[in-house]
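The values are calculated or read from the model by the stated rules, or taken from the named source; none is laboratory data. Please read these numbers as outputs of a predicted model, since none were measured by experiment. Here the Cβ positions follow ideal geometry from the backbone for every residue, glycine too, while neighbour counts run over all protein chains shown.
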Amino acid sequence: MTINKNQLAEKYNVSSRTITNWINSGNFSVTRNPTTRRVIWDKNTVENLEQFVRKNNEKTSVQTNQQEFNIENRRYLGAKSRMLDFIQQVVQNNTNGVNKVADIFGGTGVVANMFYQQNKDIIINDILDSNYIAYETFFSQNNFNTNKVELLIRQMNELPLKDNYVSEKYGNKFFSTENAKKIGEAREFIEQQQLNEREKAILLTSLVYAMDKVANTVGHYDAYRRIMDTTAPIVFKKPNIFNGTSKAKLYQEDANQLVRHITADLVYIDTPYNSRQYGDVYHVLENIVDWQKPELYGVAMKPKDRSKTKSDYSTSKAPLAFDDLIQHISSKYILVSYNNMAHKGTGRSNAKISNDEIMKILSKRGHVVRYELPFQAYTTGKTTLTNHKEYLYLVNVETEAKIND
């Protein structure tokens, strides 16, 4: 019995165009008609395709066998997982009496988590829903039913697949068709359960982290890969939650407004670096967490209204916003993470605040010391950079914060 490309595409839950892209990229060997150069789907070609798909699936076999995930187990622009030792060293060697830490641009939450596991109280904030649910999962003081959550995660992995909003909008783009179906069914399943706030956050976080492992992207959702090279089946896992004695306060608001009504011993600041709005590059995660099912537009399938996640720190207003932020902080120490990308790379990768501006603004509040660490810059692959460094600016605060205005 002969087989054709469309049948194989259906078998592997990809489009025939994806298989064509695999062939054109040389991902597996094919037999061709010597005259027309058309692909012949003989036994060797089919077996080579099957072997390629199997190897792709094996890439995540170790992750699949591991049934838990940690807060740092996801890709994220500007994530500080590789800088934690550096941050810890600077704080440990140059501060005293730090018992409460505020991370006001929390992102993945890994910096706050480091201090939390050291039994320090934390404040953590971010405007993205897909980040805030992770904070509720890992830091919330609210109770949850462990057995109930584990059972529901198992059930999410066993849901029957059918076409849905996610497969229609994101299938064979950001995810394989089969994974998109499973994501959509799992999200609807979560919505139908009787859950308290933390239980729902845990299930959504399991979904978000699982999506990251199978996303057909370079780590964000500003675009998807032209070639569908991520076909491993999605697996939902349970979070590995640290049961500490520290207190955690969770916020989801504008950081410039937040600092006007919180206090901490150390405020850690990791603002957006460049013109990439985080609400835009993580629009897929936001859309699935919010589950309003809006119409999507453009090649990247973005919702039209993304205004609630727009940040001044990704615009020319960044220096003014940063100055306003710093002058209203009530803390013994201010620790700012930034880099030397102000005049490097492509336009969207360039930092919006120069290092001179940062030093000038921070110096209004006290003595500033800058520490540096060589680091790999994010440039969308369009630019080769040398001498890139990550900086930590530590301010020993000497002046009072501005009165709330």
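Below, the figures for the structure above:
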{"read-out": "Residue selected from region 197-244 under the condition of a type outside the set (Ser, Thr, Tyr), out of contact with any helix residue (DSSP H, G or I) (no Cβ under 7 Å at 6 or more places or on another chain) and in a helix (DSSP H, G or I), by the criterion surrounded by the most Cβ atoms within 10 Å (Cβ to Cβ)", "value": "ALA210"}
{"read-out": "Within region 1-95, helices (runs of 4 or more DSSP H) holding 1 or more residues that are surrounded by 12 or more Cβ atoms within 10 Å (Cβ to Cβ), modelled with pLDDT of 80 or more and of a type outside the set (A, V, I, L, M)", "value": "5-12, 16-24, 43-58, 84-94"}
{"read-out": "Among the residues listed as VAL289, VAL368, the single one being buried (at least 18 other Cβ atoms within 10 Å of the Cβ), at pLDDT 95 or above and under 30 Å from GLY171 (Cβ atoms)", "value": "VAL289"}
{"read-out": "Residue satisfying condition, being closer than 30 Å to LYS11 by Cα and touching a residue at least 60 places away in the same chain (Cβ under 8 Å), within set GLU178, GLU197, GLU150, GLU185", "value": "GLU178"}
{"read-out": "Check on THR205, under 22 Å from LEU250 (Cα atoms) and of a type outside the set (A, V, I, L, M, F, W, C)", "value": "yes"}
{"read-out": "Number of positions in region 103-135 that are within 26 Å of ASP280 (Cβ to Cβ) and either assigned to a loop (DSSP other than H, G, I, E, B) or outside the structural domain of ILE288 (by TED's automatic domain parsing) (or both)", "value": "9"}
{"read-out": "Some residue of region 160-172 being at pLDDT below 95 and of a type in the set (A, V, I, L, M)", "value": "yes"}
{"read-out": "Checking VAL208 against (1) more than 17 Å from the chain's Cα centre (by Cα); (2) under 16 Å from ASN287 (Cβ atoms); (3) among the β-branched types (Val, Ile, Thr), the condition it does not meet", "value": "(1)"}
{"read-out": "Candidate set from region 136-148 (those that are part of a helix (DSSP H, G or I) and of a type in the set (S, T, N, Q)); member that is modelled with the highest pLDDT", "value": "THR137"}
{"read-out": "Tally of residues being within 25 Å of ASN216 (Cβ to Cβ) and part of a loop (DSSP other than H, G, I, E, B) across region 306-332", "value": "1"}
{"read-out": "Conditions (1) of a type in the set (A, V, I, L, M); (2) free of Cβ contacts under 8 Å to residues at least 24 places away in the same chain; (3) within 20 Å of LYS302 (Cα to Cα); number of the one not met by MET228", "value": "(2)"}
{"read-out": "Residue identified as modelled with pLDDT of 95 or more and aliphatic (A, V, I, L, M) among ILE190, ILE227", "value": "ILE190"}
